[in-house]
Each structure stands twice: as structure tokens, then as C-alpha cells.
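Read the structure below first, then the notes.
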Amino acid sequence: MFQDKSIFEIIYAGGFTMYILIICSILSIAVIIERLWYFKRRSGVSRIVLIEEIRKDSVRNQFSTAIDYCRNVDTPSSKVALAGLNHNTSDEKIIYNAMEREITIETVKLERFTSIVGTIGGTAVYIGLFGTVLGIIRAFHDVSKTASGGMDVVTAGISEALICTAAGLVVAIPAVISYNYFVRKIDNFVLDMELTASELSDLCAKKK
């Protein structure tokens, strides 16, 4: 049915909900690309390498060198370690609280915009179904108004209305997959930050 139609004609046949889905798709793709780039950029140095470098400097009592190293490494774990090292002469409780606050700050940065992808993934299908329902209503209305065409008119109208459902699935599936990936990735970052805070607390305690 649609083999002789252009993409613009297909979009027009789907009604105004198709334009909503196109906006959702563009927004979802933009967030996915931005978050993937952000996570990649902040995964440069592993937690094991970070802690090992800090441990070497702490053995030589060169905390200033460890601080400089953490400043030059842009990962969530390095920011947590930096928060703790900046208070290395303070009480253990103060050190740990500083790192806990930094974990909260970094988690907020990691979660930024991900709710948009989750919301689009959860609602795009329903937006598509809404467009389909409107299309079916319009098809039956056209039949009752013209009183001609019979089932051919109805089936043609329904097939056009189902474009919205297909478009909703096309938008929703990548969004849901990406959102689940982001959640898992953020959980891994948080785990690394918590382990970094725990290991650094032990290092600071040993030096005292």
C-alpha cells in the first residue's frame, strides 16, 4: 500500500501524532548520543589503576602528588578520591562525609537527561496507539459520511492509522534499550565510587 508513497506522505497519513513521535525520536537520539559520549569520556581510567596510583603516593607520604593526579583524571571515582584527599589531614568521619557528598554530586551528573529517554521509551508506544485510534475513528467517520466504498475504505484507513503504532514502536524500542543500558552503566559508576571511598578511607586510616 505504501510502496508508491514518499516518507513525507506516509508521515502525513499518520496524522499529527507522527510529528510528536518525530520530535520524541530526535530528542531521544540526541540524549543517547550525548550520554554515550559523556560516559565514554569519563571512563578513561579504571578504579583499580586510580587506587594503585594513590596508594603509591600515600606510601611515600606524597598526598599532593596524588591530589594532582586525581585532578588530571576526569572520572567519577577520581573526583570522589580528590574530595577525600583534600581532607586527608582531617578526621576519618570528615573524609568519608566529603566523599559521600561527592558521590551524590557525581551521581546526579551521571543521571542527567536519562529520565528523558526513559519517559520517551515508556510513552512512545501509547502515543502511537493514540494516533492509531484517532485514525480508525477518522476512517469509520469517512465511511459513514460518504456511505460508499465499504470495507475497502475502512481497511485503507486502518492500514494508514497503524503507521502511528509502528512509528511508536520504532521510537520506543531503542529508547528502552538505551535507558536500561544507562541505568546499568550508572550503577557500575556508583559501585566504583563507593569502593573508591571505602579503599581511600582505609588508606587514610593506615597513615594515621
(request) Please tell me if D192 is surrounded by fewer than 15 Cβ atoms within 10 Å (Cβ to Cβ) and either farther than 14 Å from C24 by Cα or of a type in the set (F, W, Y) (or both). (result) no
(request) Starting from segment 107-125, take each residue that is on the phi > 0 side of the Ramachandran plot and hydrophobic (A, V, I, L, M, F, W, C) and list its partners that are buried (at least 18 other Cβ atoms within 10 Å of the Cβ) and assigned to a helix (DSSP H, G or I), counting only C-beta distances under 8 angstrom and pairs at least six apart or across chains. (result) F113/V31; F113/R35
(request) Taking the options R47, R41, R71, R35, name whichever one is in contact with a Lys or Arg (Cβ under 9 Å, 6 or more places away or on another chain) and not acidic (D, E). (result) R35
(message) List pairs: first residue in segment 93-106 and without any contact (Cβ under 8 Å) to a residue 60 or more places away in the chain, second residue surrounded by fewer than 19 Cβ atoms within 10 Å (Cβ to Cβ) and among the charged types (D, E, K, R) anywhere in the structure, Cβ distance under 9 angstrom, at least six positions apart or on different chains.
(response) none
(message) Just to be sure before I move on: is G131 assigned by TED's automatic domain parsing to the domain that holds E34, at pLDDT 90 or above, within 28 Å of S28 (Cα to Cα) and touching a helix residue (DSSP H, G or I) at 6+ places or on another chain (Cβ under 6 Å) in the structure I sent?
(response) no
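Is it the case, given these coordinates, that I158 is at pLDDT 75 or above and of a type outside the set (G, A, S)?
Working: at pLDDT 75 or above: no; of a type outside the set (G, A, S): yes.
So I158 does not fit the description; no.
Any idea which of E53, E106 is under 26 Å from the mean Cα position of the chain (by Cα) and either in a helix (DSSP H, G or I) or under 11 Å from M193 (Cα atoms) (or both)?
Working: E53 fails: under 26 Å from the mean Cα position of the chain (by Cα).
Among E53, E106, only E106 is under 26 Å from the mean Cα position of the chain (by Cα) and either in a helix (DSSP H, G or I) or under 11 Å from M193 (Cα atoms) (or both).
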(message) Which numbered condition in (1) crowded, with 19+ Cβ neighbours inside 10 Å; (2) within 12 Å of S201 (Cα to Cα); (3) not β-branched (V, I, T) is the only one that S90 fails?
(response) (1)
(request) Would you mention how many residues in segment 93-124 are in contact with a helix residue (DSSP H, G or I) (Cβ under 8 Å, 6 or more places away or on another chain), more than 20 Å from E34 (Cα to Cα) and assigned by TED's automatic domain parsing to the domain that holds E199? (result) 8
(request) Spot the failing condition for V31; the list is (1) at pLDDT below 90; (2) part of a helix (DSSP H, G or I); (3) among the hydrophobic types (A, V, I, L, M, F, W, C); (4) closer than 30 Å to A167 by Cβ, and only one is missed. (result) (1)
(message) I want to confirm something. Restricting to segment 32-54 and keeping residues that are surrounded by 16 or more Cβ atoms within 10 Å (Cβ to Cβ) and among the basic types (K, R), which single residue is farthest from A172 (Cα to Cα)?
(response) R47
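The values are calculated or read from the model by the stated rules, or taken from the named source; none is laboratory data. From a predicted model like this one, the values you see are computed outputs, not experimental measurements. Positions of Cβ are backbone-derived with ideal geometry, glycine not excepted, and every protein chain shown enters the neighbour counts.
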